[in-house]
Amino acid sequence: MNFRTTVLSLIAIQCSVLSLNAQTLKDAYRDYWRTCVSVNQWEVAAAENATNKHDVTGMVSSDQTKNWDNVVKNFDWVVAENCMKCEVVHPEEGIYDFTLADEFVNKSLASGLKVHGHCLIWHSQCAKWFHYDKEGKLVSPEVLKKRMREHIYTIVSHFKGRVSSWDVVNEAFEDDGSPRKSLFYQILGTDYIPLAFQYAHEADPNAELYFNDFSMFKKEKVDGITNFFRPLINAGLPIDAIGLQGHMILEDKDWLLPAYDYALTEIEKLGVQACFSEIDLSVLPNPYGFSGANISDRFSYTPDKDPFKNGLTKEKEAEIAEYWVNFYKLMIKHKDNVNRLGFWCTNDANSWRNDFPIRGRTDYATLFDRQNNLKPFVQDIIELVKPQVSDKKAKKTKKK
């Protein structure tokens, strides 16, 4: 090998190393699972200030001008935080408003992103008319079935071919594994769950269909959900995956990952895939022992519950980094049955964890800081699966 060839080989190796170091999370794990993030309507609009008539689960920073570019660079799937929920797209009987949802879906597809729909049937953020007649009484089972079918058919058909997968039913179980006594349940019992999947599959047979719930680290909840779905799946229920929301709390680190290990194993036994659908990690104190994402949980603010208003300590940053790496190691263990890791909110500035369950706190729950900078531990996560340039190969090239 002559001098010129040797130099070119060394340059190629160096460029390869630089390219690997610059690799994004979605690229590093492309052969493992989909990497997804939720976005809000202000990010779609690249808005400087927030204006919205609907309730939201998080909107702390009003400046969303740079977020979309960050999403396109680092993720390959997206899900809407709010604009596809019932209260937004179907606010009154017979009236649909797809304005915000269409803007979100169209911009996502134009940016090369795939879209996960969230969500079709959910007791929360459901339009108030859905369960009542004109006299204010709960509707009959037949009326609710008709409304559910029309609602699901209309929405799924509207986005057919554009939305690749759906959360069909969201948060249908209590933490003890029993069915949530929502209005859907009060009128139809648990029958509303398989009916929703049936309607969604009929509307778009090619769409992937998911069940999604929080507190999926609780054994009794995991057991209740898997026991409920097992006979339905065996009977042919059109369901592709069960979602674990993944709203995590750092204080729980000593027992949380083994609990998720159990949940992923039990879901795999059902013969369907699992996904983490709404991942974030609150690093703030949890004095009340709350868990999951029940948005009705609210507690009063006191300064002692907001210890990182002016930034994290080095010790806390190291603790956070260690947890995220261990979380990814667990996901790699289950990579054959985990089809998506979906993060909730794009950066710390607009994360809903700043306001939940205590308004006004400063949390650090996402992969990006308040200036949209990727946090250093993400490179550690990439290193877990990043192919390395062989030292032996490099030495051999140099010798020639």
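The values are calculated or read from the model by the stated rules, or taken from the named source; none is laboratory data. Keep in mind that this is a model prediction, so the values were computed, not measured. With ideal geometry, Cβ positions are generated from the backbone for all residues, glycine too; neighbour counts draw on all protein chains shown.
How many residues, within region 345-387, are in contact with a Ser or Thr (Cβ under 6 Å, 6 or more places away or on another chain) and aromatic (Phe, Trp, Tyr)?
Total meeting the criteria: 1.
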Specify which of the listed residues (ASP254, ASP204, ASP261, ASP213) is in contact with a helix residue (DSSP H, G or I) (Cβ under 7 Å, 6 or more places away or on another chain), closer than 26 Å to LYS316 by Cβ and not basic (Lys, Arg). ASP261
Which of the residues spanning region 243-261 are touching a Ser or Thr at 6+ places or on another chain (Cβ under 9 Å) and either of a type in the set (Phe, Trp, Tyr) or in a loop (DSSP other than H, G, I, E, B) (or both)? GLN245, GLY246
Selection within region 304-351 - of a type in the set (Val, Ile, Thr) and more than 22 Å from ASN67 (Cα to Cα): THR313, ILE320, VAL325, ILE332, VAL338
Given the structure, is LEU264 surrounded by 15 or more Cβ atoms within 10 Å (Cβ to Cβ) and in a helix (DSSP H, G or I)? yes
Region 329-360, residues that are touching a helix residue (DSSP H, G or I) at 6+ places or on another chain (Cβ under 8 Å), buried (at least 22 other Cβ atoms within 10 Å of the Cβ) and not in a helix (DSSP H, G or I): VAL338, LEU341, TRP344, CYS345, THR346, ASN347, ILE358
Select from region 262-274 the residues that are out of contact with any Ser or Thr (no Cβ under 9 Å at 6 or more places or on another chain) and on the phi < 0 side of the Ramachandran plot and list them in ascending order. TYR262, LEU264, THR265, GLU268, VAL272, GLN273, ALA274
Confirm whether PHE130 is farther than 25 Å from ASP27 by Cβ and surrounded by 17 or more Cβ atoms within 10 Å (Cβ to Cβ). yes
Determine if region 276-287 includes at least one residue that is among the acidic types (Asp, Glu) and under 28 Å from GLY360 (Cβ atoms). yes
Determine whether PHE159 is in contact (Cβ under 8 Å) with a residue 12 or more places away in the chain, within 30 Å of GLU220 (Cβ to Cβ) and either of a type in the set (Ser, Thr, Tyr) or touching a helix residue (DSSP H, G or I) at 6+ places or on another chain (Cβ under 8 Å) (or both). no
Mind checking which residues of region 26-65 are modelled with pLDDT of 90 or more and either assigned to a loop (DSSP other than H, G, I, E, B) or surrounded by fewer than 16 Cβ atoms within 10 Å (Cβ to Cβ) (or both)? TYR29, ARG30, ASP31, TYR32, TRP33, ASN40
Examine region 289-304 for a residue that is of a type in the set (A, V, I, L, M, F, W, C) and at pLDDT 90 or above, and state whether such a residue exists. no
Looking only at region 267-277, filter to residues that are surrounded by 19 or more Cβ atoms within 10 Å (Cβ to Cβ) and touching a residue at least 60 places away in the same chain (Cβ under 8 Å); which one of those is farthest from TRP77 (Cα to Cα)? ILE267
Looking at region 227-245 only, could you name the residues that are of a type outside the set (A, V, I, L, M), in contact with a Leu (Cβ under 8 Å, 6 or more places away or on another chain) and crowded, with 19+ Cβ neighbours inside 10 Å? PHE229
Qualifying position, being closer than 16 Å to GLN273 by Cα, in contact (Cβ under 8 Å) with a residue 12 or more places away in the chain, surrounded by 18 or more Cβ atoms within 10 Å (Cβ to Cβ) and not hydrophobic (A, V, I, L, M, F, W, C), among ASP204, ASP213: ASP213
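So, in region 133-166, exactly how many residues are surrounded by 19 or more Cβ atoms within 10 Å (Cβ to Cβ) and aromatic (Phe, Trp, Tyr)? Working first, answer last.
Looking only at region 133-166, we keep the residues that are surrounded by 19 or more Cβ atoms within 10 Å (Cβ to Cβ), and these are 144, 148, 151-152, 155-156, 159, 163, 165-166.
Narrowing further to those that are aromatic (Phe, Trp, Tyr): 159, 166.
Residues flagged as surrounded by 19 or more Cβ atoms within 10 Å (Cβ to Cβ) and aromatic (Phe, Trp, Tyr) within region 133-166 amount to 2.
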Unique match (being at pLDDT 95 or above, under 25 Å from ALA241 (Cβ atoms) and surrounded by 21 or more Cβ atoms within 10 Å (Cβ to Cβ)) among VAL72, VAL88: VAL88
